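Values quoted throughout were computed directly from the atomic coordinates according to the rules given, and no laboratory measurement underlies them. Just so you know, these numbers come straight off a predicted model, no measurement behind them. Here the Cβ positions follow ideal geometry from the backbone for every residue, glycine too, while neighbour counts run over all protein chains shown.
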Amino acid sequence: MPLKPNGSPHMSQRKISRKTTLMRSASRAKKPAKPGDASSSSIRSGTKQEAVLALLKQPSGTTIAAIMKATGWQQHSVRGFFAGVVRKKLGLTLRSDKGERIYRVTAEKAAKSKQARKPPAVSAA
C-alpha cells in the first residue's frame, strides 16, 4: 500500500463542520403529517392500506386473521394499524364485536373529545 505524503497509509477524512451536519439532519427530518380531513382519495390505489380499509368497510366486517392473510402482516402490526392509521390518522370509528372479534369501520368519524380539566379541589382548612 503506498504511503500518503504525510507518511500515513490511511486516507485522510475530510472534516465536516457542525453547521453543515445540523443543516443536513434538519433537511432529512420527517415532516409532520398535514392536519385535515384524510379522505379515501388521499390513499393510493393498490396499497395494503387500501386493502385493509376495504375489508373494514364491508358491512360484515373482517377479522384480524383475514387482514393478516391479505397483507402478510403480523397480529401486532394489524393492531398498530388500527390504532395509528385508522383511529388517529384517518379519524375513523372502529367497532369490534366480541366473540370472534369482527372489526368494522362505521360511517361516522370519531369525535376527538377532550374533556375539560377540572381545577384541583382546594380544601378549606
* To do: For Ala83 paired with Ser45, estimate the spin-label separation in nm (one decimal), with each label point 7 Å from Cα along the Cα-to-Cβ line.
  => 3.4 nm
* What is the Cα coordinate range of the stretch 41-108 on the first, second and third principal axes, sorted by size from largest, in whole angstrom? -> 33, 29, 20
* Asked: Within a Cβ distance under 13 Å of Ala51, other residues only, what is the Lys/Arg minus Asp/Glu net charge?
  -> +3
